[in-house]
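Nothing in this text is a laboratory measurement; each read-out follows from the coordinates by a stated rule. For clarity, every value in this text was computed on a predicted model and none was experimentally measured. Using ideal geometry, Cβ is built from the backbone for each residue, glycine included, and neighbour counts are taken over all protein chains shown.
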Amino acid sequence: MRAFAEWLSATAPSVAIQSTFWFIRLLQATHLLTAGVVAGAAAMILLRALGWQRNDESFDAVWRRFSPWLTSSLAVMVATGIAQTLGDPVREFTSFSYWLKLVVLLLCVTGTALLARKAGRVAPGARLSVAARLLAIALLLAWLALPLLGRMIAYDRAIWGGLSMRT
Amino acid sequence: MSVESVLASIQGSALAEWMRNTSPAMPIVEATHVLAAVMVFGTVLIADLRLLGLADSTRPFSRVGRETLRLTWLAFGVSVITGSLMFTTSAQTYFANTAFQFKALALLGAGLNMTVFQLVTARALPAWDASGPPPRAARAAGLISLLLWAAVVLLGRWIGFTKGYDFTIPPGVDLTVPG
């Protein structure tokens, strides 16, 4: 993994990102703000699934309102994340937080899509099943874990100890 | 009592000492601060877009505000606690940092904007709350809020790029590249 990361960091696109100071800062700033939009939109959808927000609206209405914000900001967040990875692959690929963040992101996307399908079938005003509400709580925590894990990349070894591949 | 002596006593406090020397207190507090800050931005954005008339236009602002701003205040409370804990670790360096000073100004501006909205602009709320486009003053308040909270998040990140640290960074902690 380290050898691949070192090879990647010597490629032209990686060198271009590394050597453009303002571009790295711009990527990080965009990544951070879109993380906020993602977290806010996901929280509203999942809190509605739990019946803790916007109960006067159907789940479908809340999904229609927030899912475009969730998906579009997620797309920008992923794109800026890939560019940041390309700009410093050794730092990212040797971080346990980074890999955990990717797994959690995958679970968030698939789990939320699954929950939306389930919740869309429930009659307006009816409560979701216990299993679906437990899934919503788990997904809420998982979406909130993403910015947390993102920042933890800087502190990987201090937090994860031997699980970190950093030396 | 001078500002310098207050900062020195904060930085020399037992809490600051604990924050600096207890692994992994600082990483967890800082990551939680980032989470809280992005949640403040993400939830305040929902209310601001309603004020701008760009989203939730069929939903009363009073309702949108009541629902989302509860989450905003919760996140803001967490960010104040975690931010204060981070501040203790190197109070003098934070205080002298330009990005920190601008962040403090942006926070003050956001607070003033909210106060003016509540005390002045919101008086006309019944006229446009449930229907109709928000008046110019309300849209201005939404835009100012959006810009100031984005600035708070970005300046917070900028502090990390420019501040430096008043203590030895423990082994395995990478605070320098690229952020």
Point to revise | Hull-based mean projected area of chain B, where the convex hull spans the alpha carbons, in square nanometres | key: 11.6
Exercise for review: Check cross-link reach from B:LYS103 to the lysines: straight Cα distance under 30 Å, and skip same-chain residues fewer than eight apart.
Suggested key: A:LYS101, B:LYS163
Review point. Kirkwood hydrodynamic radius of the protein assembly as shown from all distinct Cα pairs, in Å?
Key: 21.6
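Per DSSP H run of n ≥ 4, the term is -39500 (n - 2.57); total these for chain B, divide by its residue number, and report the mean residue ellipticity at 222 nm rounded to 500 deg cm²/dmol.
Details: 8 runs with 132 residues, N = 179.
The helix-only estimate for chain B comes to -24500 deg cm²/dmol at 222 nm.
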Practice item. Find which of A:ALA126, A:PHE23, A:ALA61 sits farthest along the positive direction of the dipole of chain A, computed with +1 on the beta-carbon of Lys and Arg, -1 on that of Asp and Glu, about the Cα centre. Key: A:ALA126
Exercise for review: May I ask you to work out the translational diffusion coefficient for segment B:26-130 at 20 °C, viscosity 1.002 mPa s, via Stokes-Einstein with Rh from the Kirkwood sum over Cα pairs, reported in whole µm²/s?
Suggested key: 140
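What is the calculated FRET efficiency for A:ALA113 to A:ALA138, with r their C-beta to C-beta distance and R₀ = 22 Å, to the nearest 0.05? Walk me through the intermediate numbers first.
Values: r = 14 Å, r/R0 = 0.65.
With R0 = 22 Å, the Cβ-Cβ based efficiency is 0.95.
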Review point. For the residue pair A:THR71 and A:ARG25, what label-to-label distance in nm results when each label sits 7 Å from Cα along the Cα-to-beta-carbon direction?
Key: 3.5
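Return the calculated 222 nm mean residue ellipticity for chain A, to the nearest 500 deg cm²/dmol, obtained by summing -39500 (n - 2.57) across DSSP H runs with n ≥ 4 and dividing by the residue count. Walk me through the intermediate numbers first.
On the way: 8 runs with 133 residues, N = 167.
Helix-only estimate at 222 nm: -26500 deg cm²/dmol.
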**Study point:** All Cα pairs of segment A:1-155, percent lying beyond 27 Å
**Key:** 32
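At a 10 Å Cβ-Cβ cut-off, how would you order B:TYR94, A:TYR155, fewest neighbours first?
Final ranking by Cβ density, sparse to dense: B:TYR94, A:TYR155.
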Point to revise | Two-site FRET efficiency, B:MET114 against A:LEU163, from Cβ-Cβ distance with R₀ of 35 Å, rounded to 0.05 | key: 0.25
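Starting with the fewest neighbours, write out A:PHE93, B:PHE61 ranked by other beta-carbon atoms found within 10 Å of each beta-carbon.
Details: A:PHE93 18, B:PHE61 21.
Ranked by crowding around the Cβ, least crowded first: A:PHE93, B:PHE61.
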**Study point:** Nitroxide proxy distance, nm - points 7 Å out along Cα→Cβ at B:ALA104 and B:PHE161
**Key:** 2.2
Check your understanding: Can you tell me the Rg and Dmax of segment B:1-76, counting just the alpha carbons, in angstroms?
Key -> 19.0, 54
Point to revise | Convex hull (Cα only) mean projected area of segment A:5-52, reported in nm² to one decimal | key: 4.7
Review point. Extent of segment A:56-115 along each principal axis, from alpha carbon coordinates, in Å, largest to smallest?
Key: 48, 18, 15
